[in-house]
Amino acid sequence: MPRIQVRPVDRLRIEGGKSLHGSVRVSGAKNAALPELAAALLTADEVRLDNVPDVRDVQTLVRLLSDLGARCERLGRHRWALSTPEVVNPEAPYELVRTMRASVLVLGPLVARCGRARVSLPGGCAIGARPIDRHLDGLAKLGAEIKLEHGYVEASATRLTGATVEFSDVTVTGTENLLMAASLARGTTVLKNAAQEPEVTDLAALLVRMGARIEGAGSPTITIEGVEALHAAEHRVIPDRIEAGTFLVAAAITGGKITLEDVEPAHLGAVIEQLRAVGLTIECGAGWIRIGNGRPLRAVDLATRPFPGFPTDLQAQYMVLMTQAGGACELDETIFENRFMHVPELRRMGASIGLAGSKAAIEGPTPLTGAEVTASDLRASVSLVLAGLAARGETLVHRVYHLDRGYEGVEEKLQALGARIERIR
Ligand code: EPZ
């Protein structure tokens, strides 16, 4: 079983004020890799994944899959081979789901493959209550019997049966759970108001390679003809659009000029449009994006939306950029009810940000000064790193383990672009 390395005491020290220059390779998307690793539970054959990011959430999921009975072999830093001849114990325990909510992605595959799953209910987290009622309603529509007991979801079905599932509101992992479950159901499933995120489309592409019959992925209506069994497949995970967007902001905020390699510009349409409105120069081609110096930066309002809108996972980073832009603007976080945990820390560094419900009002530009700050979740923590890059003096970011969940080698990548950043172990 792979060991999970947790280094709760790691900190990042950043000496701000250095502009970034050069090229950086974007890693594979964490939020595509996670459902794709879980999809390996759907078949006894081997599923090979390439471009899997080397991040802690992947290690956590691999540990869970191993406990369930999957053989997970690491073929290289970014290559995994998984096979699950038999599910030995269809249970995702509290201990793991608590550390990573995405563990809930094993629910659909387990019920579909072995007719039974026991998965701890995730509970709230730093960014909101985040229930999974839409996943459960959908699985119930496919005929699963769902019981909630002792903090666990128990789902069972002799064989799932295709049905029409209309999500009351968009859910990314809910759509993914249903896609996986419906692939092995008897008959046709139609998912309405499905998530259109590139990670969902990429999961569908893997499932099709495994023999699933899926049409419409990437649109709000997805049709799945269930098959008797799925088989071996190889797949390359798409580039991480959120990591890419984070580096674009890093360049913008330091007045730098960088090129992203191994990136998919089509996945960043709303982000590129927003950054251009701010005044940044952005050019794109097949597999690359170049961002140039755009000073002075203009303040531009933003509302987060499901894809193809501006992603909530880049809201905190965009907010830091707005602290350096001229004028006032408003950010409306429409996806999660509590995703402003970075605001008090940014204020301590000198930002002028007012909060009212789902909205943040930012006045800029305000000079930022380095400070000791504490990260509360993955994207909040990277926003503090960005603020540190723009600030005068030294910033010390605590609780870096949040960052390690989803960013591969962030300090090495930033160092290569000229940032003064180091990890203190
Ligand atoms: C995925 O989370 C991502 N995680 C998140 O990335 C991302 O922020 C989010 O989608 C939105 O894009 C993975 O892909 C592993 P949702 P998910 O279900 O699927 C509410 C990151 O930093 N909701 O689309 O859990 C929910 O509370 C992370 O990498 C229900 O009420 O998000 C939220 O307000 C964090 N009931 C909204 O819907 C449900 O059954 C959207 O959540 C499901 C969701």
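The values are calculated or read from the model by the stated rules, or taken from the named source; none is laboratory data. Predicted model only: the values in this text are computed from it and were never measured. Here the Cβ positions follow ideal geometry from the backbone for every residue, glycine too, while neighbour counts run over all protein chains shown. Surface accessibility is based on the protein's heavy atoms, side chains included, excluding ligands, DNA and RNA. Shrake-Rupley method; radii C 1.70, N 1.55, O 1.52, S 1.80 Å.
Against the test of being more than 30 Å from R379 (Cβ to Cβ) and in contact (Cβ under 8 Å) with a residue 24 or more places away in the chain, the options A181, A205, A126, A163 yield a single qualifying residue, A163. Suppose the filter is within 30 Å of S381 (Cβ to Cβ) and open to solvent by 10 Å² or more (accessible area, probe 1.4 Å); does S66 pass it? Yes; evaluated as a whole, the condition is true for this residue. Pairs meeting the criteria (first residue in the range 332-356 and closer than 14 Å to D313 by Cβ, second residue of a type in the set (F, W, Y), beta carbons under 9 Å, at least 6 apart or on different chains) are E333/F340.
Here is the figure for the range 131-150: residues that are in contact with a Gly (Cβ under 8 Å, 6 or more places away or on another chain) and either away from the ligand (no atom under 12 Å from the Cβ) or closer than 16 Å to L96 by Cβ (or both) total 2. Once the range 209-225 is narrowed to residues that are small (G, A, S) and farther than 22 Å from R48 by Cα, the residue that is surrounded by the fewest Cβ atoms within 10 Å (Cβ to Cβ) is S219. Considering only residues in the range 365-394 that are of a type in the set (G, A, S) and assigned to a helix (DSSP H, G or I), the one that is nearest to I14 (Cα to Cα) turns out to be G388. Taken over the range 189-200, the criterion of being open to solvent by 50 Å² or more (accessible area, probe 1.4 Å) and either among the polar types (S, T, N, Q) or closer than 21 Å to L230 by Cα (or both) is satisfied by N193, Q196.
Restricting the range 8-43 to residues that are in a loop (DSSP other than H, G, I, E, B) and within 16 Å of the ligand (Cβ to nearest atom), the residue that is surrounded by the fewest Cβ atoms within 10 Å (Cβ to Cβ) is S27.
For the range 378-424, a residue qualifies if it is of a type in the set (D, E, K, R) and more than 20 Å from G255 (Cβ to Cβ), and the qualifying residues are R379, R399, D404, R405, E408, E411, E412, E422, R423. Filtering the range 213-248 to residues that are in a loop (DSSP other than H, G, I, E, B) and over 20 Å from P311 (Cβ atoms) leaves G216, T221, G226, V227, E228, A229, L230, H231, A232. Have a look at A299, A286 and point out the one that is of a type in the set (A, V, I, L, M), open to solvent by 10 Å² or more (accessible area, probe 1.4 Å), more than 15 Å from the ligand (Cβ to nearest atom) and under 26 Å from G218 (Cβ atoms). Only one candidate passes the filter, namely A286.
Every condition in (1) open to solvent by 40 Å² or more (accessible area, probe 1.4 Å); (2) at pLDDT 95 or above; (3) within 16 Å of the ligand (Cβ to nearest atom) holds for R399 except the one numbered (2). Restricting T254, T189 to those that are in contact with a Ser or Thr (Cβ under 7 Å, 6 or more places away or on another chain) and either within 11 Å of the ligand (Cβ to nearest atom) or not basic (K, R) (or both) reduces the list to T254. Among the residues of the range 322-335, some residue qualifies, meaning at least one is under 17 Å from the mean Cα position of the chain (by Cα), within 16 Å of the ligand (Cβ to nearest atom) and open to solvent by less than 10 Å² (accessible area, probe 1.4 Å). Among the conditions (1) more than 13 Å from L110 (Cα to Cα); (2) out of contact with any helix residue (DSSP H, G or I) (no Cβ under 8 Å at 6 or more places or on another chain), the only one that V52 does not satisfy is (2). Please work out if D169 is charged (D, E, K, R), under 29 Å from K413 (Cα atoms) and touching a residue at least 24 places away in the same chain (Cβ under 8 Å). Spelling it out, it is not the case that D169 is charged (D, E, K, R), under 29 Å from K413 (Cα atoms) and touching a residue at least 24 places away in the same chain (Cβ under 8 Å). Taking the conditions (1) surrounded by fewer than 24 Cβ atoms within 10 Å (Cβ to Cβ); (2) in contact (Cβ under 8 Å) with a residue 40 or more places away in the chain; (3) within 25 Å of the chain's Cα centre (by Cα) in turn, L260 satisfies each one other than (1).
Answer with yes or no whether A205 is in a helix (DSSP H, G or I) and away from the ligand (no atom under 15 Å from the Cβ). Criteria met by A205.
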